[in-house]
1. From LEU31, LEU45, grab the single residue that is buried (at least 18 other Cβ atoms within 10 Å of the Cβ) and modelled with pLDDT of 90 or more.
2. Looking at this structure, is HIS43 over 24 Å from GLN24 (Cβ atoms) and of a type outside the set (Phe, Trp, Tyr)?
3. Tell me which of these ARG117 doesn't satisfy, since it passes every other one: (1) more than 23 Å from GLY64 (Cβ to Cβ); (2) surrounded by fewer than 17 Cβ atoms within 10 Å (Cβ to Cβ); (3) touching a residue at least 40 places away in the same chain (Cβ under 8 Å).
4. Name the residue that is modelled with the lowest pLDDT, counting only residues in segment 73-90 that are open to solvent by 10 Å² or more (accessible area, probe 1.4 Å), within 19 Å of ARG49 (Cα to Cα) and among the hydrophobic types (A, V, I, L, M, F, W, C).
5. Among the numbered criteria (1) within 21 Å of ILE8 (Cα to Cα); (2) acidic (Asp, Glu); (3) in a loop (DSSP other than H, G, I, E, B), which one does ASP97 miss?
6. Can you name the number of the only condition in (1) surrounded by 15 or more Cβ atoms within 10 Å (Cβ to Cβ); (2) over 19 Å from ALA26 (Cβ atoms); (3) small (Gly, Ala, Ser) that GLY51 fails?
7. Restricting to segment 103-124, what's the tally of residues that are part of a loop (DSSP other than H, G, I, E, B) and out of contact with any Lys or Arg (no Cβ under 9 Å at 6 or more places or on another chain)?
8. Which ones in segment 91-113 are surrounded by 16 or more Cβ atoms within 10 Å (Cβ to Cβ) and of a type in the set (D, E, K, R)?
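The values are calculated or read from the model by the stated rules, or taken from the named source; none is laboratory data. In this text the structure is predicted, and so the values were computed from the model without any measurement. All Cβ positions, even for glycine, are placed from backbone atoms using ideal geometry, and neighbour counts span all protein chains on display. For the accessible areas, the whole protein counts, side chains as well, though only heavy atoms, and no ligand, DNA or RNA atoms are used. Shrake-Rupley method; radii C 1.70, N 1.55, O 1.52, S 1.80 Å.
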Amino acid sequence: MTLSVAQIDRETDQLVDEWLTLPQVAERLDLSIGRAKQLLKDHKLLGVRRGGGGPQVPAVFLDGKDVMKGLPGTLTVLRDAGYDDVEALRWLFTPDDSLPGSPVQALRAGRHTEVKRRAQALGF
């Protein structure tokens, strides 16, 4: 299975507090590494390259032993709006005073519908 993962820029990298390697994601979700890779390939999770090495995932995307509720749907909407992985990551972590906070903070707070609505508006 080939996994294409974008290289992240320094500015976007600094928006994320904590990163997890794919083996760490697999361990936290109690999955095989192959299944964790499949989550990236299926766009249920978002991973990027930081420097050298394999893909890394923002730790906030995991909620206990699950992917954060609302994230897969939001990633689908962003992809449909034409966002690549780095642009989607930047959008999710950039503070928005009207939310308030960032879209990822709103997802974490259970405001999935609002975040998806805003993501859908990006495509128009």
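1. From the options LEU31, LEU45, the qualifying one is LEU45.
2. no
3. Status for ARG117: all satisfied but (3).
4. The selected residue is VAL86.
5. (1)
6. (1)
7. Residues meeting the conditions: 5.
8. Passing the criteria: ARG108, ARG111.
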